[in-house]
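What follows is a set of notes on a single structure, which appears directly below.
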Amino acid sequence: MNNYLNDDSFFTYVSIPGQYGLITVLDWFVHNGTAMFRLIQDEEADTDFLSLKERLELYPGTKTFAIITNPWARAKISYDYLVFCKENHIKNNFLKYFQIDSFESFVLEWPEGSYSESWFDFTSPQKDWIEFTDENNVKHTVDYLLRAEHLKNDFLKIKEYFHQEAVEFEYIETYPDYRPLYTNQMKNKIGDTFKKDIDYFKFEF
C-alpha cells in the first residue's frame, strides 16, 4: 500500500476543475504495462480536487503532473458541465450562481468572487492548484505541467519516462472549438476574470 514511500517512480496528478484532457491521460495509464501500476488514483482525493500541497501531504515524494487549460476554453467546458448537471438533475451548487440559459449569459453574468464551498470550483485560478510555498519559503510546483492545447506533445515527457514509444496516445475527449462562440465583450470578461492565470501562464485567446 505504501510502496510509493521508497520509490519515486510513482505518479500522482492534480485534477483542476474545468480542465481538459485528464480522462485521456488516465486512459493512457490504464492501458499501458508498467505505467498502469505507477499511477496512484485516489477517488476521494480526485472528487475533492486536492491541490498540489494536499496531494503531496498524502503521497510525499511522488512525481506529480497537472493539465492547465486555456481560460476561454475552460469557461466553455465548465458551462457544458453545468448544463449537463441541470439536464440530468445532478446537484451542483454553482447552478444557483450562474446563468446557463446561453453561453453568452454564462460568461457575461459571471459572479464576482470564488465559491469554493462547491466541490467543482472552476472559479479559482489554476495557478493556485499547481504550486505552493512551504513554511521554509521554498516554492514547489508540479513535476510535469501539461497544456491542454498541445497535450499530446507535452505528454511525451511522461510517455518517454515509461519507454512507451510504441503505444499511441489517443484522444478520447474533444477540445472545445471555443473561439467562434466569443464576442469581444465575452472575450474581455474572461480575460479580466482569469487575468492571474493568463498573465502567469501566458495564455492567448
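To keep it simple, each residue is scored yes or no on (1) closer than 19 Å to ALA66 by Cα; (2) assigned to a loop (DSSP other than H, G, I, E, B); (3) touching a Lys or Arg at 6+ places or on another chain (Cβ under 9 Å); (4) at pLDDT 90 or above.
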position	(1), (2), (3), (4)
LEU95	no, no, yes, no
ILE100	no, yes, yes, yes
SER105	no, no, no, yes
SER116	no, yes, no, no
SER124	yes, yes, no, no
HIS163	no, yes, no, no
TYR200	yes, no, yes, yes
PHE205	no, yes, yes, yes
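Restricting to segment 126-135, count the residues that are outside any helix (DSSP H, G or I) and either among the aromatic types (Phe, Trp, Tyr) or out of contact with any Phe, Trp or Tyr (no Cβ under 8 Å at 6 or more places or on another chain) (or both). Count: 5. Only a single criterion out of (1) under 15 Å from the mean Cα position of the chain (by Cα); (2) surrounded by 14 or more Cβ atoms within 10 Å (Cβ to Cβ); (3) not polar (S, T, N, Q) is not satisfied by ALA35, namely (1). Residues in segment 165-180 that are assigned to a helix (DSSP H, G or I) and of a type in the set (Phe, Trp, Tyr): 0 in all. Annotation: of all residues in segment 45-78 being out of contact with any Gly (no Cβ under 9 Å at 6 or more places or on another chain) and of a type in the set (Phe, Trp, Tyr), the one that is nearest to ASN93 (Cα to Cα) is PHE49.
Scanning segment 160-177 for residues that are farther than 27 Å from TYR79 by Cβ, in contact with a helix residue (DSSP H, G or I) (Cβ under 8 Å, 6 or more places away or on another chain) and aliphatic (A, V, I, L, M) turns up just one, VAL167. Residues being among the hydroxyl-bearing types (Ser, Thr, Tyr), within 30 Å of LYS159 (Cβ to Cβ) and part of a loop (DSSP other than H, G, I, E, B) are represented in segment 52-63 by at least one member.
The values are calculated or read from the model by the stated rules, or taken from the named source; none is laboratory data. Computed from a predicted model, the values in this text were never measured in an experiment. Virtual Cβ from ideal backbone geometry, glycine too; neighbours counted across all protein chains shown.
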